[in-house]
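Participant: Here it is, the structure in full.
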Amino acid sequence: MNKTTKKLLAGFSVFLLFLILVIWALPEWINPNNYKSELSALIKTKTGYDVAFQGDMTVSMFPEIILNIEKMEISNQSGFQEVPFMAIENSTIKLKPFPLLRKKIDRYSFTLDGLTLNLVKDEQGFNNWDGLIAPDSTLQTNTATTKQDDARYTSHSVLSALTLSGIAIQNARVNWINRQTGEHLAFDNIRFNADKLVLGEWLGMKLSMDISGRSVKFPQPINWALKWATDLRVDEKLDHFIFRNSRIDGVTPQRTTAQTLTAAVTIPHATVNIRKQALQLSGLQFHSGDIAINANLTGEQLIDKPVIQGSATIAPFNPHALFKQWGFALPTMRDPSSLTNLGMSFHFKADPKQAEINHLDAVMDNSHGTGSVTVKDFVSPTLLFDLAVDSIDVDRYLAPKDNTNLMAPSTYVGPLNWLKKRDAEGNITVGKMTLNEMTVQNARLMLDSKKGSVNIRQRTND
C-alpha cells in the first residue's frame, strides 16, 4: 500500500470519527425543548389545533436516531373545550440515520404509551375532528386528476422507501361521545403491536381492548373484552390488502349470573381492493355458545354505493337456552319445549336501502320451511315474505290458553307482538297447520301487519 493511499485512508478515518462525534454530541449542543413553541406553531398552522408539550423532549443521534416526547396534549376545537382532543403520556420514534442519506427510512419503529383520544359529536351534528387538516393556500394544482395522481405517486414513493420494524401502542383509551343521542362508548386498555412492514410481505398484527358504555343500537349496556390477530400483506400499489388467519375473540360478563358470554370469529382469507372498491371474505366462522355460523360474502362499490352479498349456514341450536344465556327472556308459550331447535341456510344481499334473503331453508322444532324474505326501506321498513312450511303447530307457540285470542271465522289476530310493531305483508303456504286446536290441510294464507294489527286470512286460488 503506497503512502498516498495510507494518507487518504487515515484522512477518511479521522473525518468519519469526527462525523460520529458530531452526531453523538449534537443533542448536547441543541436542546429540542428550546423549540417547543416553534413546533407548536407549525402544528397549529397545519392542523388548526393548539399543542402543548408539557414534558421533556429528548433526541439521540447514535447509533440510531431516537426522538422521545413526554406528556403532549392537543386541545379541542371551539365548543369542545371541556376535554382535550388528544393526550399522550410518552411517545418514541426510532430510525437508522445513514439510510436517510439514500432517501430511505430503514427499520423505523414507533412506540406510543398512554394515548387518550376524545371523539365528540355535538348537538348540531358537528364532530370535533372535522377540518382536522387545514388547507394549504400555497398548494396549487391545475385539476382534481392531477391532485389524485400526485397524492398516489407521493404516498407510493414514500412508503416504498420505508421499512417499518414495528409499531407498539399500549395503555391507550378512546372515548366516543354523541351529545345528540346520549351515546357514550369507551375503548380502554388498547394494546396494538405490528411486526416489520415491507410492501409485498406478510405483516403480523395484534390488537386488544375493553369496550364499555351505552349505544343507541343496543338496549343493554355494552361490556366486552376483544382480541384481534391477523396477518396482512399490502401490495406495492397500496390498493390491494390481503388478510389471512384472522381471528376475533370477545368475552363479556353475564348480566344475570356469574357466567361469561364468549364469541369468536375466524376468517381464513379476506381481500380488500381499494381501486375496485371490492371486498371478499372466504370461510368466515362465528361461534358463541351453541351457535355456529359459516358464511362467505363479497362486497362491491364499497365507497360509492355498497352492495354486500353472500351465503350463510346456521347450524341447529337451542334458541331458548341461548337467549337465557344472553340474559333475555322469551315470551311464555303453551309448550315449554318450543323453540329448542333452530337451524337454517340462506343467500343474502344488502345495500343501503334494503336487504334480501333468498333460498331460505330452515328447520324450527318439527317444522321445515323454505322461501324468501325482504326488508324494504330501512328508514320506514316493510317486511315482505313468501314462505312454505310442511307442517306447523301454531298453538304450541301461543301464550297460555287464558290469554289467547279466539279465531274469527275469516280473520285471525294473533298475539305476535313483535309483528305488531312493524309493517309486514306476505304469503304462507302450509301443508298441515294446527291453530286453536283445529287442523288445516294445505292452507294458503296471507298475512298483513299494519298499524299494530296482525291479520291472517285464507288466500284464494290464483
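Participant: Any idea how many residues of the range 319-341 are touching a residue at least 24 places away in the same chain (Cβ under 8 Å), under 28 Å from the mean Cα position of the chain (by Cα) and surrounded by 15 or more Cβ atoms within 10 Å (Cβ to Cβ)?
Facilitator: 3
Participant: Of the conditions (1) out of contact with any strand residue (DSSP E or B) (no Cβ under 6 Å at 6 or more places or on another chain); (2) open to solvent by 40 Å² or more (accessible area, probe 1.4 Å); (3) closer than 29 Å to residue 194 by Cβ; (4) modelled with pLDDT of 75 or more, residue 126 fails just one. Which one is it?
Facilitator: (3)
Participant: Search the range 204-223 for residues that are assigned to a strand (DSSP E or B) and pair each with any residue that is open to solvent by 40 Å² or more (accessible area, probe 1.4 Å) and at pLDDT below 80 when their beta-carbon atoms are under 7 Å apart and the residues are at least 6 apart or on different chains.
Facilitator: Listed by first residue and then by second, the contacts come to 214/221; 223/253.
Participant: Do you know which residues across the range 236-248 are modelled with pLDDT of 90 or more and open to solvent by less than 50 Å² (accessible area, probe 1.4 Å)?
Facilitator: Selection gives 242, 243, 246.
Participant: Related question: Restrict the check to the range 313-321 and report whether at least one residue is in a helix (DSSP H, G or I) and out of contact with any Ser or Thr (no Cβ under 7 Å at 6 or more places or on another chain).
Facilitator: yes
Participant: State which residue is modelled with the lowest pLDDT when the search covers only the range 40-57 and only residues that are open to solvent by 60 Å² or more (accessible area, probe 1.4 Å) and either among the β-branched types (Val, Ile, Thr) or part of a helix (DSSP H, G or I) (or both).
Facilitator: Checking each candidate, the answer is 46.
Participant: Still on this structure, I have one more. With the requirement that a residue be modelled with pLDDT of 70 or more, over 41 Å from the mean Cα position of the chain (by Cα) and open to solvent by 40 Å² or more (accessible area, probe 1.4 Å), what does the range 412-462 give you?
Facilitator: 432, 437, 438, 439, 440, 441, 442, 444, 457, 458
Participant: Let me ask something else about it. For the range 361-383, does any single residue satisfy the condition of being more than 23 Å from the chain's Cα centre (by Cα), farther than 30 Å from residue 276 by Cα, charged (D, E, K, R) and surrounded by 15 or more Cβ atoms within 10 Å (Cβ to Cβ)?
Facilitator: yes
Participant: Shifting gears a bit: Residue 304 - would you say it is part of a loop (DSSP other than H, G, I, E, B) and open to solvent by less than 60 Å² (accessible area, probe 1.4 Å)? Don't jump to the end; show me each part of the working.
Facilitator: On the way: part of a loop (DSSP other than H, G, I, E, B): yes; open to solvent by less than 60 Å² (accessible area, probe 1.4 Å): no.
It is false that residue 304 is part of a loop (DSSP other than H, G, I, E, B) and open to solvent by less than 60 Å² (accessible area, probe 1.4 Å).
Participant: Would you point out the residue of the range 189-235, among those that are surrounded by 15 or more Cβ atoms within 10 Å (Cβ to Cβ) and among the acidic types (Asp, Glu), that is nearest to residue 252 (Cα to Cα)?
Facilitator: 210
The values are calculated or read from the model by the stated rules, or taken from the named source; none is laboratory data. This is a predicted model, so every value here is computed, not measured. As a convention, Cβ positions derive from the backbone with ideal geometry for all residues, glycine included, and neighbour counts pool all protein chains shown. Just so you know, the surface numbers come from the protein's heavy atoms only, side chains and all, with ligands and any DNA or RNA stripped out. Shrake-Rupley method; radii C 1.70, N 1.55, O 1.52, S 1.80 Å.
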